[in-house]
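The structure appears right after this line, and notes come after that.
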Amino acid sequence: MRLLIIGPPGGGKGTQSKFLIDYFQIPQISTGDILRENIKNKTSLGIEAKQFMDLGKLVSDSLIMNMIKKRLNDTDCNNGYILDGFPRTIPQAKGLDKLLQEMNQKIDHAIVMNVPDNLIVQRLSNRRTCKSCGTLYNLLFDPPSNIKKCDRCGGDLYQRSDDNPKTIKQRLSIYHEQTKPVINYYEDQNITKLIDSTGTIDEIKQSIIKSISN
Ligand code: AP5
Ligand code: MG
């Protein structure tokens with residue numbers, strides 16, 4: 001199974017990907033997570049990407065394409081994968097099509113998370129992430145037992161530096177301008193599954209399963 005998960009910042013892409021990893025036994029490839037790992041390790045890729053991410057802007061298409069090309073060739077992707085947060089521009093979508101053609105692969109479904117902007121700020125300002133295992137929490141909607149520690153592994157929880165009101169606004173505006181056209185691109189390929197993502201995490205899981213089982 002090869003899936004794309006497209007949606008606004010805070011739309012629940014990461015949350016639902018974690019569930020799909022277990023459900024389909026395939027890896028999640030989040031371009032945002034790979035970039036943050038590079039920032040943490042102070043690689044040249046991380047140093048370049050940080051300037052854009054801190055401002056809520058997109059990192060260059062060429063840098064992202066190189067990263068994806070390398071990752072899709074890893075052996076754990078042989079039985080499929082979930083692309084979370086990629087592609088986010090039309091050049092990235094076209095680049096992915098070219099790459100898939102070379103690899104003789106195709107995407108089964110593009111899951112599109114629909115969430116109105118007014119829910120996003122509340123979700124993102126209350127997000128906490130585990131530094132060790134990446135588990136996602138929300139202080140309002142999916143709280144950990146201890147606000148500083150991960151229930152799953154005991155790791156420290158942190159708040160992402162781009163989850164502040166100014167950067168969230170910028171990320172949302174870039175989503176509307178540059179990523180929304182990608183949804184039309186996949187509608188033309190007839191592979192989109194539009195998911196109302198305003199309900200609870202569990203209700204959304206059920207909608208995703210239902211939509212891709214049809
Ligand atoms: P990235 O890390 O992908 O960030 P994003 O797209 O802004 O999305 P988020 O990770 O913030 O949200 P999410 O949809 O995963 O939501 P989550 O499940 O965590 O990218 C970061 C940056 O990297 C970009 O701004 C850009 O600079 C760069 N970048 C990355 N990819 C790129 C690319 N392809 N090209 C160029 N640049 C790129 O949920 C959010 C919160 O809500 C959590 O607290 C969660 O618990 C809660 N929640 C989830 N679902 C629900 C629900 N149903 N009800 C209530 N709360 C919920
Ligand atoms: Mg995410």
| task | Collect the residues in region 162-191 that are within 16 Å of the chain's Cα centre (by Cα) and either outside any helix (DSSP H, G or I) or over 26 Å from Met53 (Cα atoms) (or both), keeping them in residue-number order. | result | Asp162, Asp163
| request: Scan region 8-40 residue by residue and report those that are of a type in the set (A, V, I, L, M, F, W, C), within 16 Å of ligand 2 (Cβ to nearest atom) and either part of a helix (DSSP H, G or I) or touching a residue at least 60 places away in the same chain (Cβ under 8 Å) (or both). | output: Phe19, Leu20, Ile21, Ile34, Leu35, Ile39
| message | Would you confirm, using the coordinates I've provided, whether Pro91 is closer than 24 Å to Gln189 by Cα, within 16 Å of ligand 2 (Cβ to nearest atom) and at pLDDT 95 or above? | response | no
| said: Pro91 - would you say it is in contact with an Asp or Glu (Cβ under 6 Å, 6 or more places away or on another chain) and closer than 29 Å to Cys77 by Cα? | reply: yes
| message | Please go through region 106-141 and give me each residue that is among the polar types (S, T, N, Q) and crowded, with 16+ Cβ neighbours inside 10 Å, ordered by number. | response | Ser125, Asn126, Thr129, Thr135, Asn138
| Going by the structure shown, is Gly95 under 23 Å from Ser125 (Cβ atoms), crowded, with 19+ Cβ neighbours inside 10 Å and either in contact with a Pro (Cβ under 9 Å, 6 or more places away or on another chain) or not aliphatic (A, V, I, L, M) (or both)? | no
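Results for (1) within 9 Å of ligand 1 (Cβ to nearest atom); (2) under 21 Å from Val182 (Cβ atoms); (3) more than 14 Å from the chain's Cα centre (by Cα); (4) in contact (Cβ under 8 Å) with a residue 24 or more places away in the chain, shown as yes or no for each residue.
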site: Arg2; (1), (2), (3), (4): no, yes, yes, yes
site: Ile6; (1), (2), (3), (4): no, yes, no, yes
site: Lys42; (1), (2), (3), (4): no, no, yes, no
site: Ala49; (1), (2), (3), (4): yes, yes, yes, no
site: Asp76; (1), (2), (3), (4): no, no, yes, yes
| query | Of all the residues that make up region 117-161, how many are part of a loop (DSSP other than H, G, I, E, B), among the charged types (D, E, K, R) and touching a residue at least 24 places away in the same chain (Cβ under 8 Å)? | reply | 2
| task | Looking only at region 57-79, decide whether some residue is within 21 Å of Thr129 (Cα to Cα) and in contact with a Phe, Trp or Tyr (Cβ under 9 Å, 6 or more places away or on another chain). | result | no
| message | Quick check on my filter: what residues within region 19-31 are within 14 Å of the chain's Cα centre (by Cα) and buried (at least 19 other Cβ atoms within 10 Å of the Cβ)? | response | Leu20, Gln28, Ile29, Ser30, Thr31
| query | With Asp196, Asp151, Asp163, Asp156 as the choices, which residue is within 12 Å of ligand 1 (Cβ to nearest atom) and exposed (fewer than 15 other Cβ atoms within 10 Å of the Cβ)? | reply | Asp196
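The values are calculated or read from the model by the stated rules, or taken from the named source; none is laboratory data. Remember, predicted model here, so these are calculated numbers, not experimental data. Note: ideal-geometry Cβ built from the backbone for every residue, glycine included; neighbour counts use all protein chains shown.
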